[in-house]
Every structure is written in C-alpha cells, then in structure tokens.
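Shown next, in structure tokens, is the structure this report addresses.
The values are calculated or read from the model by the stated rules, or taken from the named source; none is laboratory data. Everything quoted here is computed from the prediction, not taken from an experiment. Note that each Cβ is placed from the backbone with ideal geometry, even for glycine, and that neighbours are counted across all protein chains shown.
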Amino acid sequence: MSRLLFIFITTALLISCSFDAIRIDLAGGWSVKSLVAFRHTNPQSITASKDGKWLYISLENSAGLSTPSLATINMATGHHQILLNGLHLAHGLKIAPDTSLWIGEQYKQGMIWRISEPEMLPEDQRIERTTLAVSHPSIAPLPAAGRFTHSGFAFSQDGHFAYMAGADTQGRLYRYTLRSRKLQVLHAQLGWLSITNPESAEAEATRLKARAFTPLRGVTVLPNGHILIAEPAKGRLLELDDSEHPELSTYLDDAELKQPMDLAWDTARQWLWISDSYKPSRLWTYDGNRLNRIASHKEARITGIAVHGETVYLNLRDNGQSPEITLKLTETDTP
C-alpha cells in the first residue's frame, strides 16, 4: 500500500469530533465531550500515560499490515493518530510500572506486546503477525506472558506481577512475574502453578486442572492491593487476595449488573467504574454499598473505561451507522 493511500485511509478512519450527537443518556451532574470519532475500527480499551498527556486506545480488528490496532491522542493539542497496525483483535491495554505500554490480543494464540517508549514511537508502525516482525525496535512480543485469549490485565501495586484474565470458554486467571518472566495459573486448591511452556498456556492450564471460569474480562487493582476481575456471563466481580495463599471471593453480585466488562478504580472519588455490555449498555459506579448508573446508551456499547485524576474516558462502540467515539466524562458542580 502506498504512503498516500494509507494517509487517506487513516484520515477516513480517525476524524476530529466536535459534534454533539452522541445520544448518550447521562445522570445529573455529569457532562461529556467528544475527543475523536472512528469509522469501523472497534475501539476497545483505553489507558492514559502516567502524566495524563497521552491517551491510548486499542482497536479490536483482524490482523493486517494496514489494519489499525492502536490509536493515540495528544491531550494537550488534541492531535490523534494511528500508532500501530497489525495485531489480531487488540484488546487489553495498560501502562506497566516501567512506563512501557502493554497491549494484548484476544484470541487463542494471542500474545502480549510491549512498547518500551510509547510517547516516542512514530506513527504508522507495523507488526507482521505471522513472522512477529516489527517496524520499530521499541516494539516486542512477550511470549513468556503466554499465548492464550488475553482480555484484561493489571499490575500489582508493588510492580512485581501482572494479573491476566483469559477470555476462553473456560477462562483462567494467570500471574506473570515481571522480574523472572515466569508464568503461573491459578488452581482452586493448590494456588499458583507454574506454566512450563507459555506458548501452550491454555492447554497446559487444562492439563494442570487449573480453576476454570466462564470468560474473564476486565481487571483492576483495589486500594488494598486486591485484584478485581469481571466475569460477565455470571454478572459478577471477583476479588483476589494474593497476599499469602491466594483467596478468591465475590466482590459484587447485583441483579442490576448484567454483563460487567471494563473496570477502573477511581482514586479521587474512591469508587469503582464498571461498563456493562447488556443492552442498553450502561456505565456504573460502585461506592462499596450501592451501584449508581452514570450513563447508558440504547445502541452503542460502552467500553474501555479509564480514569486519570478526576477525568473519566470511555468509548462508544458498535454504534450502528454512527461513528464510534471516544469521550471525556467530567463531573459538573450542579447535579
């Protein structure tokens, strides 16, 4: 594909968004602003750089050299661009303790990919998925973190571990040790068991009789260091206490919560944000006592919740004939 043709396609896919017709129903005391509109690129997860200057959005598309997988927005200028092409079903997205950017692929042979300096990466970088060839030295696969259907993941407060949710039919919960690059899977009675061949993580987890869930999705960390995992098919959130022997319990099981997907802890307000894919799709907060509905949409699916300071970011995806939009959600003084 020629450079001019790629620029034309990128311009068509990623469009500045200043219109108001987003058709989202908001609770009193909240307002939204459109940041960027997409066309048929399936925006999924969102994460912000630690200083809040950059916003990253995974784009869940089939692999292809010119198929967009990662977009970025410069929050100071509003400039947005396609940063990376070529991943297959890009999904989970987080800034690691060393400030690198991790992005996971949600399919059976999916991997975690690491970008060492995302703020310095030039636009229009590419991955050749079949050979794992990359166009820039700061991009690298992490095969040691396992090949499986990567969904959400989060890093422990001490920066030692990455906890990764498997979105397979029998989803597993994995733990990756950053320093030793060792992968483990959770067993109901035996705790963490070592995966000796990360390239066949799912098959080995089955052989080890690791604890099986329905597909797992979003992952975040609570202030007490516990790990929170969404299990949409059960309509519940699970809490992992991994301080000594791993203990898993139900954190939230509410009839109002139908299909919890994305999770984000709000440090400023001390509550949890939850996206719900059930139609109409909803955006909830949970303060430890009750769910509060902040937003809903009758057509689009709300995805990719991220919080930086007091600002909340989300996507509207699968929005019929309308653009898919990344939004900035802020709290107003008067409800």
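Structural remarks
- Selection of the stretch 277-309 for residues being surrounded by fewer than 17 Cβ atoms within 10 Å (Cβ to Cβ) and of a type outside the set (Asp, Glu) yields TYR278, LYS279, PRO280, GLY288, ASN289, ARG290, ASN292, ARG293, LYS298, GLY309.
- Taken over the stretch 95-136, residues that are farther than 27 Å from TYR174 by Cβ, surrounded by 15 or more Cβ atoms within 10 Å (Cβ to Cβ), in contact with a Ser or Thr (Cβ under 8 Å, 6 or more places away or on another chain) and without any contact (Cβ under 8 Å) to a residue 24 or more places away in the chain amount to 0.
- ALA154 being in contact with a Gly (Cβ under 7 Å, 6 or more places away or on another chain), in contact (Cβ under 8 Å) with a residue 60 or more places away in the chain, buried (at least 21 other Cβ atoms within 10 Å of the Cβ) and closer than 24 Å to LEU248 by Cα: no
- The listed residue being in contact (Cβ under 8 Å) with a residue 12 or more places away in the chain and touching a strand residue (DSSP E or B) at 6+ places or on another chain (Cβ under 7 Å), out of ARG172, ARG179: ARG172
- Selection status of TRP273, surrounded by 23 or more Cβ atoms within 10 Å (Cβ to Cβ), within 17 Å of the chain's Cα centre (by Cα) and over 15 Å from ARG23 (Cβ atoms): yes
- Looking at GLY92, GLY86, just one residue is closer than 21 Å to HIS308 by Cα, surrounded by 24 or more Cβ atoms within 10 Å (Cβ to Cβ) and of a type outside the set (A, V, I, L, M, F, W, C), and that residue is GLY92.
- Only one of the numbered conditions (1) surrounded by 24 or more Cβ atoms within 10 Å (Cβ to Cβ); (2) touching a helix residue (DSSP H, G or I) at 6+ places or on another chain (Cβ under 6 Å); (3) under 20 Å from ASP253 (Cβ atoms); (4) of a type outside the set (Asp, Glu) is not met by PHE148, and that is (3).
Conditions (1) at pLDDT below 95; (2) part of a strand (DSSP E or B); (3) within 20 Å of the chain's Cα centre (by Cα), marked per residue:
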{"position": "HIS88", "(1), (2), (3)": "no, no, yes"}
{"position": "GLY92", "(1), (2), (3)": "no, yes, yes"}
{"position": "PRO97", "(1), (2), (3)": "no, no, yes"}
{"position": "GLY104", "(1), (2), (3)": "no, yes, yes"}
{"position": "PRO122", "(1), (2), (3)": "no, no, no"}
{"position": "ALA140", "(1), (2), (3)": "no, yes, yes"}
{"position": "HIS150", "(1), (2), (3)": "no, yes, yes"}
{"position": "GLY159", "(1), (2), (3)": "no, no, yes"}
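- Scanning the stretch 204-226 turns up no residue that is in contact with a helix residue (DSSP H, G or I) (Cβ under 7 Å, 6 or more places away or on another chain), under 30 Å from ILE302 (Cα atoms), surrounded by 20 or more Cβ atoms within 10 Å (Cβ to Cβ) and among the hydroxyl-bearing types (Ser, Thr, Tyr).
- Residue ID - surrounded by the fewest Cβ atoms within 10 Å (Cβ to Cβ), chosen from residues in the stretch 310-329 that are touching a Phe, Trp or Tyr at 6+ places or on another chain (Cβ under 9 Å) and either in a loop (DSSP other than H, G, I, E, B) or β-branched (Val, Ile, Thr) (or both): PRO323
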